[in-house]
Amino acid sequence: MTREDIIKELGKHTDTVLSFPNRGPWGDSRYRGNCSGWIPAYFINKYNAASVAEVFAGSGTTYDVCMDMGVSYTGLDLNPNPPRPGIISMDIMDDSIELPDGFYSADMVFLHPPYPSINDIRYANSMWKDTDGTRMSRDIQEMPWEEGMRCVNHAVLRAYNAMPTGAYEVCLVGEIRSKGQYRSMMQNLAIPGILHQTFIKLQHNTVSGSRTYSGRSDYALTGHEMIAVIKKPSGYELAYVMPKKYSMDIRDCTMATWKDVVMSIARNTKGEITTEVLYNAIEGHKKTQTNANWKAKIRQTLQYLEKAGLINRTSLGRYALVAA
Ligand SMILES: C[S@@+](CC[C@H](N)C(=O)[O-])C[C@H]1O[C@@H](n2cnc3c(N)ncnc32)[C@H](O)[C@@H]1O
């Protein structure tokens, strides 16, 4: 396809919802997890990029787009035999190897990482052969979710460190429902520099899109992926948001109010709710350290909850939850 034809087609797309029902003639549609070439093409055109670098180059979709658009290209992938001459074989997690020079002069870096822990997609020994037997364990696709996201974020930061001031880093990531759990890569993505803009990429002809769930479900079928565009504002600054998971008991959370804590205990009490039950349930937890008279505070909260109609006092020091 010529650059003019590509730009003409892209002119139809004016907002942040990107919908390309055809993936275009680039890369390999049989390569699992490949993306439409219209996505890198859209951003090359939008940011007027004359040089592109890519982590996770896969089947060569972005390489082919760059060739048609007359844009210089450097890419890498874990595949020991990459399918295009502009793609080198490299593990993005191996910091002893420098990124190729093209990352240091790129106007735009594109990343379409594996979606860690999706069961039915495989790269090592499936899309390509693990010829030296070391790559399966380094394939981010094969990693559990948390470790995989740590590697994806490492890749985002590595590419960011290399790219010049003013360059754009475009990350295409999935929203995954796998093994009954919902995982948002976007929500767990590190954002070095400025979050320039986010886009929604509508999905077409996907395996998940053809699934149907029987009966009523409180999940909708996932019909989109997300794109985060990060811009590098200056030469030295590294300002990033690295998501961190916090998990604690509400009784140890000092920002939870007494109303929150007492209601949580009341809701989780199997038998009768008495002041003793409440004292025992909270004793030793951090919330008690915020008030030396915490027992009096619980009694005061119970009075308040009774007035508010959230609990009933059944007899002295005994309560029942009012059904919601
Ligand atoms: C979602 S695919 C990219 C597909 C590509 N956009 C296309 O259209 O063909 C992710 C790629 O990441 C590669 N990969 C997995 N782990 C890697 C690692 N540690 N370092 C570099 N590449 C890796 C896989 O081999 C796979 O090709």
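The values are calculated or read from the model by the stated rules, or taken from the named source; none is laboratory data. Treat the numbers as computed from the prediction; the structure is a model and nothing was measured. Cβ placement follows ideal geometry from the backbone for every residue including glycine, while neighbour counts extend to all protein chains displayed. The protein model used for the area step is the full one, side chains on, heavy atoms only, and it has no ligands, DNA or RNA in it. Shrake-Rupley method; radii C 1.70, N 1.55, O 1.52, S 1.80 Å.
Under 16 Å from a label point 7 Å along Cα→Cβ of residue 244: give me every residue in segment 141-180 with its amide N that close.
150
In whole percent, how big is the carbon plus sulfur part of the accessible area of the chain, probe 1.4 Å, protein atoms only?
49 percent
Using a 1.4 angstrom probe on the protein heavy atoms only, line up 140, 97 by accessible area, largest first. Working shown, then result.
Values: 140 10, 97 75 Å².
From most exposed to least exposed: 97, 140.
Kindly provide the helix-only [θ] at 222 nm of the chain, computed as the sum of -39,500 (n - 2.57) over DSSP H runs of four or more divided by all residues, to the nearest 500 deg cm²/dmol?
Values: 7 runs with 77 residues, N = 324.
The helix-only estimate for the chain comes to -7000 deg cm²/dmol at 222 nm.
Under 13 Å Cα to Cα from residue 244, which aspartates and glutamates show up? Leave out anything in the same chain fewer than 8 places away.
146, 147
Say the dipole of the chain comes from +1 at the beta carbon of Lys and Arg and -1 at that of Asp and Glu; which of 145, 240, 315 then lies farthest toward its positive end?
So the residue furthest toward the plus end is 315.
If amide H atoms are built 1.01 Å from N in the plane of the peptide, which residues on other chains or at least 5 residues away come under 5 Å of the amide H of residue 183?
176, 177, 178
Give the cross-link partners of residue 201 among the aspartates and glutamates, using a straight C-alpha distance below 13 Å as the criterion and excluding same-chain residues fewer than 8 apart.
15, 175, 225
From the Cα trace of segment 250-321, what convex hull volume per residue do you get, rounded to a whole Å³?
76 Å³
Along the charge dipole of the chain, which of 17, 65, 126 sits closest to the positive end, that is, farthest toward it, with unit charges on the beta carbon of Lys, Arg, Asp and Glu (+1, +1, -1, -1)?
17
Looking at the calculated P(r) for segment 83-242, what percent of the C-alpha pair distances fall above 23 Å?
Tail of P(r) above 23 Å: 44 percent of Cα pairs.
Taking chymotrypsin sites (Phe, Trp or Tyr not before Pro) as candidate sites, keep only those in a DSSP loop with at most 10 other Cβ atoms within 10 Å, then name the longest stretch of the chain containing none of them.
In short, 1-212.
Taking the Cα centre of the chain as the origin, how large is its charge dipole in debye, to the nearest 20, when only Lys and Arg (+1) and Asp and Glu (-1) carry charge on their Cβ atoms?
1760 debye
Hey, quick one: spin label on residue 122, modelled 7 Å out along Cα-Cβ, who in segment 34-57 has an amide N within reach, i.e. under 19 Å?
It comes to 34, nothing else.
Pairs to check: 179/287; 129/179; 245/287. Give those whose C-alpha atoms are more than 32 Å from each other in this structure. Mind showing how you got there, number by number?
Working: 179/287 35 Å; 129/179 27 Å; 245/287 21 Å.
In this structure, 179/287 lie more than 32 Å apart at Cα.
Would you mind getting the accessible area per residue of segment 3-241, heavy atoms of the protein chains only, 1.4 Å probe, in Å²?
47 Å²
Among bridges DSSP assigns within the chain, what percent are antiparallel (round to 5)? Write down the numbers at each step before the final one.
Values: 27 of 46 bridges.
Within the chain, antiparallel bridges account for around 60 percent of the total.
Any chance you could get the radius of gyration and Dmax over the Cα atoms of the chain, in Å?
That works out to 26.1, 83 Å for Rg and Dmax.
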